[in-house]
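Okay, structure first, notes after.
The values are calculated or read from the model by the stated rules, or taken from the named source; none is laboratory data. Every value quoted in this text rests on a predicted model; they were computed, and no experiment measured them. Glycine gets a Cβ as well: all are built from the backbone with ideal geometry, and neighbour counts include every protein chain shown.
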Amino acid sequence: MGLIKTIGSSGQISLGKKFAGQSVMLDEIETGVWIVKLGRFIPDSEKWLHGPGVQADLNEAIAWAEENPPEDTNLEEFEARAKR
């Protein structure tokens, strides 16, 4: 049996302190019928990381970085090459 809650005059429903500060997704599947799902929020600027093929590209880049450690840059040599 589900919980019975009363919507307050401000239009809010309390889910309880154990959910305080957590993000939820609220879907109204038809008038008066909602599904509430607890989840993690992905900022719009990071959604591209969850797109198709991105995980494979990231794994490839990580593997390359593990096999090609960074090297110190000789700034004088770099500047000389840049001026050519």
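When Val33, Val24, Val54 are checked against the criterion of being touching a strand residue (DSSP E or B) at 6+ places or on another chain (Cβ under 7 Å) and of a type outside the set (S, T, N, Q), Val24 stands alone in meeting it. Of all residues in segment 24-61, those satisfying the criterion of being surrounded by 10 or more Cβ atoms within 10 Å (Cβ to Cβ), aliphatic (A, V, I, L, M) and farther than 30 Å from Gly2 by Cβ are Leu49, Val54, Leu58, Ala61.
Pairing each residue of segment 38-63 that is on the phi < 0 side of the Ramachandran plot and part of a helix (DSSP H, G or I) with any residue that is exposed (fewer than 10 other Cβ atoms within 10 Å of the Cβ) and not basic (Lys, Arg), provided the two are 6+ apart or on different chains, yields C-beta distances under 9 Å for Val54/Trp48.
For segment 30-70, taking the residues that are over 30 Å from Lys18 (Cα atoms) and aromatic (Phe, Trp, Tyr), the one that is modelled with the highest pLDDT is identified as Trp64.
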